[in-house]
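Colleague: The structure is given below, and queries will be raised subsequently.
Please treat every number below as a calculation from the coordinates, not as lab data. Since this is a predicted model, take the numbers as computed values, not measurements. Heads up, the Cβs are rebuilt from the backbone with ideal geometry, glycines too, and the neighbour counts pull from every protein chain shown.
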Amino acid sequence: MGIRSSKVEHLYGHMPFCAAKCHYCAFYSEAGSAAKMEDYVDALLLELGEFATQLAPKTIFFGGGTPSLLPAPLLRRVLEALHEKVSLRQLGEWTIECNPSTVSTEKAKLFREFGVNRISMGVQALDDELLKTIGRVHSLKAAMGSYAKLRAAGFDNINLDLMFGLPGQTMDHWRNTLERAIELQPEHLSTYCLILEEDTGFWSLFQKGLIKPDEDQELAMYQAAIDTLGAAGYRQYEISNFAQPGRECAHNIAYWEGENYLGLGPSACSTVDNRRWQNIPDTDRYIEGVRNRKSIVGFEEVLTPDLRAAERAAFGMRMNAGVPAELVRGRWDEEIAELLSAELVQWRNGRLRPTPRGILFADEVAAQFV
């Protein structure tokens, strides 16, 4: 299935395997046998072959699941195939998500060998009791060890994911996590508030009244992250993301700015021009479909120019840079007037930007555009 005449510049690959399902996770993932992982890689490379000539990626992002869970020989096959099939001449950022329990010196060196230059590691907490609470399979010691291995392999662009609003997590826990993370001096930090989503372990506990979110504490934790990370030199550029100067995640910014991207693998989404589609969120059916040249699209929709503009505006208001004035003027003048009155947005240098207060209430601001 072809895409378009000009090249797509952003590529995502979904690796659906995890060692265990975290209690908060609603992403598509599953446990995987060695045989299924091999079949999955076979299918992924066949799917890649369909689109290879229409790709000229500036960014690549492997997410999951846990990409680093794949055995090194299978990872090598994927990395080699990308070099063989796809023009990587303009590639600037190549990210792989890792779980601290699956980082080895061999894999770190393998990633570097093939040009991966950014690692995003799902630490989530720097406290062993909290890690057990949320169902992570790694320990604080493992996280520190994996971070050291990545540095030793030459990685100079590492993101750490952290979570707040967790069951049993106090403000002291959170401040301690932030301070420990800053001591490690990663180039990028992502901080996420726990969201209780259906079909997760935590959702079941919430339904039974065993978890009770505290919105006031969550807001206080978020403000603590903004203040603490800002004071340490991490610039907030999106509601959940903080970076040292020049280390913002280019791949995610491409999503938020409404650029075209292609997703490969089960459950992966793609948005290209006026079309969005998602592959079926089922690894077995995905493998079978690719093998037999059947459609693996589970969902698709046509995107009108108005819908793309609305999404661009909504996602843009998650970012401190906001959106260009010409995107929103004449479309949402009444909504913008209300947001200006509430001091949630401001005009600056030809752009509509969220205020510091608007960042705290980014979902409410974004809702005005969709």
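Colleague: Starting from the 7 Å offset along Cα-to-Cβ, what nm value, one decimal, do you get for the label separation of E183 and D333?
Modeller: Result for the modelled spin labels: 5.6 nm.
Colleague: Next question. Provide K294, K7 in ascending order of the number of other Cβ atoms located within 10 Å of each residue's Cβ, fewest first.
Modeller: K294, K7
Colleague: Let me ask something else about it. Compute the FRET efficiency between R291 and Q217 as 1/(1 + (r/R0)^6), taking r as their Cβ-Cβ distance and R0 = 56 Å, and round to the nearest 0.05.
Modeller: Result of the calculation: an efficiency of 0.65.
Colleague: Right, another one. Which value, in Å to one decimal place, does the Kirkwood hydrodynamic radius take for segment 8-256 when every pair of different Cα atoms is included?
Modeller: About 18.9 Å for segment 8-256.
Colleague: Suppose every Lys and Arg Cβ carries +1 and every Asp and Glu Cβ carries -1, with no other charges. What dipole size does the chain come out with about its Cα centre, to the nearest 20 debye?
Modeller: 1100 debye
Colleague: How much mean residue ellipticity at 222 nm does the chain get from its helices, if each DSSP H run of length 4 or more adds -39500 (n - 2.57) and you divide by all residues, to the nearest 500 deg cm²/dmol?
Modeller: It comes out at -12000 deg cm²/dmol, rounded to the nearest 500.
Colleague: Dividing the alpha-carbon radius of gyration of segment 54-129 by 2.2 N^0.38 Å (N being the number of residues), what value is obtained?
Modeller: The reported ratio for this selection is 1.16.
Colleague: May I ask for the Rg/Rh ratio of segment 218-345, computed from Cα atoms with Rh as the Kirkwood radius, given to two decimals?
Modeller: 1.08
Colleague: Here is a follow-up. Calculate how large, on average over all directions, the projected area of the Cα convex hull of segment 99-169 is; give the answer in nm² to one decimal.
Modeller: Averaged projected area of segment 99-169's Cα convex hull equals 4.4 nm².
Colleague: Given the alpha-carbon gyration tensor of segment 322-367, what are the semi-axes of its equivalent ellipsoid in whole angstrom, ordered largest first, with each equal to the square root of 5 times an eigenvalue?
Modeller: 15, 12, 9
Colleague: Which one, A325, N349, L360, is farthest towards the positive end of the dipole of segment 322-367 when Lys and Arg carry +1 and Asp and Glu -1 on their Cβ?
Modeller: Towards the positive end, the residue furthest out is N349.
Colleague: Roughly speaking, what is the centre-to-centre gap between segment 51-91 and segment 282-340 when only Cα atoms are used, to the nearest Å?
Modeller: Answer, in whole Å: 24.
Colleague: Something else: Under a plain spin-label model, where a point goes 7 Å from the Cα along Cα-to-Cβ, how far apart in nm are D42 and K141?
Modeller: So the two model labels end up 4.0 nm from each other.
Colleague: Next question, about the same structure. Modelling each spin label as a point 7 Å along the Cα-to-Cβ direction, I'd like the E257/Y192 distance in nm, to one decimal.
Modeller: It works out to 2.4 nm between the two label points.
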